[in-house]
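Asker: There's a structure below that I have some questions on.
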Amino acid sequence: MELKYKRILLKLSGEALMGDDSFGINTEVLGEISSQIKEIMDLGAEVGIVIGAGNIFRGVKGASQGMDRTAADNMGMLATVINSLAMQDALERGGVVTRVMSAIPMRLVCEPYIRRRAARHLEKGRAVIFAAGTGNPYFTTDSAGVLRALEIDADIIIKATKVDGVYDKDPVLHADAVKYEKLTYDEVLSKNLRVMDTAGIALAKEDNKPIMVLNMTQPGNIRRAVCGEALGTLIGS
């Protein structure tokens with residue numbers, strides 16, 4: 001099976017790691033995601049991963065409840081390291097050599113993020129998990145995902161969610177919600193579709209980096225996406 005996208009940046013939400021639980025990390029879900037990642041790496045894909053922290057702590061939510069925004073965002077970035085280490089463990093138990101690289105240095109548990117070293121890991125067939133966001137408050141992991149995709153020159157950003165694409169309104173709440181198969185960056189912004197934050201969309205637009213939003217709970221979807229099958233919603237110019 002031939003790859004259309006050789007190097008990808010896979011953006012996972014922290015909430016996706018919960019499965020049907022209300023908090024934390026569901027190990028079965030973790031195993032399912034790691035098996036999909038291994039599947040595409042066995043085909044020759046080079047995979048960078050960014051994981052959110054909504055299953056543990058979300059900085060914006062903490063700030064909305066009265067916490068200092070910088071302190072709350074720092075907590076959120078540290079929570080992404082927990083998720084990243086969990087994903088590394090799942091991948092390596094499945095036979096995938098993996099490196100966690102953190103934007104906030106913590107040498108006892110992972111490597112510091114260095115762009116050229118990350119690219120070298122990818123070239124050697126290792127999965128690279130980019131932890132701690134951008135290392136700065138006020139930036140979401142969506143923005144971090146786009147930034148890392150640009151830095152490693154990924155062919156595409158795949159945002160893996162529990163929903164099979166981008167809709168004009170919440171399909172869980174509205175039975176008449178309409179799914180978009182393709183969108184431009186400007187349409188995402190003008191329609192306020194909240195696929196990812198505006199900073200992330202603006203970064204992707206500047207470099208014309210395509211974003212695919214798909215349902216990762218469907219086995220094989222990530223493989224089908226990297227092989228060029230039309231899935232979910234594709235965002236581009």
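The values are calculated or read from the model by the stated rules, or taken from the named source; none is laboratory data. Treat the numbers as computed from the prediction; the structure is a model and nothing was measured. Cβ: placed from backbone, ideal geometry, glycine included. Neighbour counts: every protein chain shown.
Asker: Determine the pairs where a residue that is at positive phi, located within region 176-203, has a partner that is aliphatic (A, V, I, L, M) and surrounded by 13 or more Cβ atoms within 10 Å (Cβ to Cβ) with Cβ atoms under 6 Å apart, the partner being 6 or more residues away or on another chain.
Answerer: Once the first residue is at positive phi and sits in region 176-203, no partner that is aliphatic (A, V, I, L, M) and surrounded by 13 or more Cβ atoms within 10 Å (Cβ to Cβ) comes close enough.
Asker: For region 1-26, enumerate the residues that are of a type in the set (D, E, K, R) and not in a loop (DSSP other than H, G, I, E, B). Even if it seems obvious, please write down each step before you answer.
Answerer: Let us first name the residues in region 1-26 that are of a type in the set (D, E, K, R), namely 2, 4, 6-7, 11, 15, 20-21.
Hits for region 1-26 are Arg7, Lys11, Glu15.
Asker: Looking only at residues in region 14-24 that are surrounded by fewer than 20 Cβ atoms within 10 Å (Cβ to Cβ) and in contact with a helix residue (DSSP H, G or I) (Cβ under 8 Å, 6 or more places away or on another chain), which one is modelled with the highest pLDDT?
Answerer: Of the residues in region 14-24, the ones surrounded by fewer than 20 Cβ atoms within 10 Å (Cβ to Cβ) are 15, 18-24.
This time we only want the ones that are in contact with a helix residue (DSSP H, G or I) (Cβ under 8 Å, 6 or more places away or on another chain), so: 18-19, 24.
On the way: Met18: 89, Gly19: 84, Gly24: 93.
If we take residues in region 14-24 being surrounded by fewer than 20 Cβ atoms within 10 Å (Cβ to Cβ) and in contact with a helix residue (DSSP H, G or I) (Cβ under 8 Å, 6 or more places away or on another chain), then Gly24 is modelled with the highest pLDDT.
Asker: Can you tell me how many residues within region 168-197 are more than 25 Å from Lys209 (Cβ to Cβ) and surrounded by 13 or more Cβ atoms within 10 Å (Cβ to Cβ)?
Answerer: The total comes to 2.
Asker: When you go through (1) within 22 Å of Val29 (Cα to Cα); (2) surrounded by fewer than 18 Cβ atoms within 10 Å (Cβ to Cβ); (3) under 15 Å from the mean Cα position of the chain (by Cα) one by one for Arg224, which number turns out not to apply?
Answerer: (3)
Asker: A further question on this structure: If you take the residues of region 215-237 that are outside any loop (DSSP other than H, G, I, E, B) and touching a helix residue (DSSP H, G or I) at 6+ places or on another chain (Cβ under 9 Å), which of them is farthest from Leu10 (Cα to Cα)? Don't jump to the end; show me each part of the working.
Answerer: Residues of region 215-237 outside any loop (DSSP other than H, G, I, E, B): 215, 221-226, 233-236.
Cutting the leftovers down to touching a helix residue (DSSP H, G or I) at 6+ places or on another chain (Cβ under 9 Å) gives us 215, 221-223, 225-226, 235-236.
Numbers: Asn215: 12, Asn221: 12, Ile222: 9, Arg223: 12, Ala225: 11, Val226: 11, Ile235: 15, Gly236: 16 Å.
So the residue we want is Gly236.
Asker: Further, regarding this structure: Return a yes/no flag: does region 152-173 have any residue that is part of a helix (DSSP H, G or I) and among the β-branched types (Val, Ile, Thr).
Answerer: The first filter runs over region 152-173 and keeps only residues part of a helix (DSSP H, G or I), leaving none.
No: zero hits.
Asker: Residue by residue through region 58-97, note down the ones that are crowded, with 18+ Cβ neighbours inside 10 Å and either outside any helix (DSSP H, G or I) or of a type in the set (D, E, K, R) (or both).
Answerer: Answer for region 58-97, where residues must be crowded, with 18+ Cβ neighbours inside 10 Å and either outside any helix (DSSP H, G or I) or of a type in the set (D, E, K, R) (or both): Arg58, Asp73, Val96.
Asker: Follow-up. Note down all Cβ pairs under 8 Å where the first residue falls in region 1-26 and is closer than 15 Å to Met87 by Cα, the second is part of a strand (DSSP E or B) and among the hydroxyl-bearing types (Ser, Thr, Tyr), and they're at least six residues apart or on different chains.
Answerer: Close Cβ pairs (under 8 Å, with a partner that is part of a strand (DSSP E or B) and among the hydroxyl-bearing types (Ser, Thr, Tyr)) amount to Ser13/Thr161; Ala16/Thr161.
Asker: Sticking with this structure for a sec: Sort through Lys6, Lys61 and tell me the only one that's of a type in the set (D, E, K, R) and within 23 Å of Arg115 (Cβ to Cβ). Full working, then the answer.
Answerer: On the way: Lys61 fails: within 23 Å of Arg115 (Cβ to Cβ).
Only one candidate passes the filter, namely Lys6.
Asker: Is it the case, given these coordinates, that Phe139 is under 17 Å from Asp197 (Cα atoms), of a type outside the set (Ser, Thr, Tyr) and not in a helix (DSSP H, G or I)?
Answerer: yes
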